[in-house]
Each structure stands twice: as structure tokens, then as C-alpha cells.
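Peer 1: Got a structure here, written out as C-alpha cells. Questions coming.
The values are calculated or read from the model by the stated rules, or taken from the named source; none is laboratory data. The structure presented is a predicted model; accordingly, all values stated were derived computationally and were not measured. Note that each Cβ is placed from the backbone with ideal geometry, even for glycine, and that neighbours are counted across all protein chains shown.
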Amino acid sequence: MPVKRIQSDLYDLGYTDVGTPDGYYGKNTETAVKAFQKDNNLTVDGIFGKKSKLALWELADRRG
């Protein structure tokens, strides 16, 4: 999954700490990923792995 897509989806879900999607996995993206992981009862490590991806897809699908 491209970083820019992760950033865009997180931003759309209200994780605005990610900033403007730019495709760079920097500190802002890591902070947003950690917040997303915490809110979704996932291991909070800042790594956007399989479980984070599945949770993000599920939430994004619900939003339409």
C-alpha cells in the first residue's frame, strides 16, 4: 500500500496529524499511525503492517 494512500486514508478518518499526504513516511505519519493503532486496539509500534492495513481498509470501506 503506497504511503500517500495511507496518509490520505488516515487524514480522511480524522488523523490530521499526518499532515498533507506527500508519500514520505516521516514523524507526522508515524504519529498518526500510532494514534490509529491505539484507537483500534492494535499493537502501537508505528509500523503500518498487515493488521493496521486491514483495520484501515475496514474503516475506509465503512465510510464509503
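Peer 1: Can you confirm whether the range 1-12 contains a residue that is within 19 Å of ARG62 (Cα to Cα) and either aromatic (Phe, Trp, Tyr) or part of a loop (DSSP other than H, G, I, E, B) (or both)?
Peer 2: Scanning the range 1-12 turns up at least one residue that is within 19 Å of ARG62 (Cα to Cα) and either aromatic (Phe, Trp, Tyr) or part of a loop (DSSP other than H, G, I, E, B) (or both).
Peer 1: When GLY23 is evaluated against the numbered criteria (1) at pLDDT below 95; (2) touching a helix residue (DSSP H, G or I) at 6+ places or on another chain (Cβ under 6 Å); (3) exposed (fewer than 15 other Cβ atoms within 10 Å of the Cβ), which criterion, by number, is the only one it fails?
Peer 2: (1)
Peer 1: Here is a further query. Could you please find all residues in the range 13-30 being over 17 Å from MET1 (Cα atoms), in a helix (DSSP H, G or I) and either within 9 Å of the chain's Cα centre (by Cα) or of a type in the set (Lys, Arg) (or both)?
Peer 2: LYS27
Peer 1: Still on this structure, please answer the following. Please determine, by comparing only the residues of the range 1-17 that are surrounded by 14 or more Cβ atoms within 10 Å (Cβ to Cβ) and among the aliphatic types (A, V, I, L, M), which one is nearest to LYS34 (Cα to Cα).
Peer 2: The residue in question is LEU10.
Peer 1: Enumerate the pairs (first residue in the range 52-64 and farther than 13 Å from ASP12 by Cα; second residue anywhere and among the β-branched types (Val, Ile, Thr)) with beta-carbon separation below 7 Å, excluding pairs fewer than 6 apart on the same chain, so at least 6 apart or on different chains.
Peer 2: Taking only residues 6 or more apart or on different chains, the pairs are SER52/VAL33.
Peer 1: Related question: Given the residues PHE36, PHE48, which is the only one that is at pLDDT 95 or above, of a type outside the set (Ser, Thr, Tyr) and in a helix (DSSP H, G or I)?
Peer 2: It is PHE36.
Peer 1: Across the range 37-55, which residue is surrounded by the most Cβ atoms within 10 Å (Cβ to Cβ) among those that are closer than 17 Å to PRO2 by Cα and of a type outside the set (A, V, I, L, M)?
Peer 2: The qualifying residue surrounded by the most Cβ atoms within 10 Å (Cβ to Cβ) is SER52.
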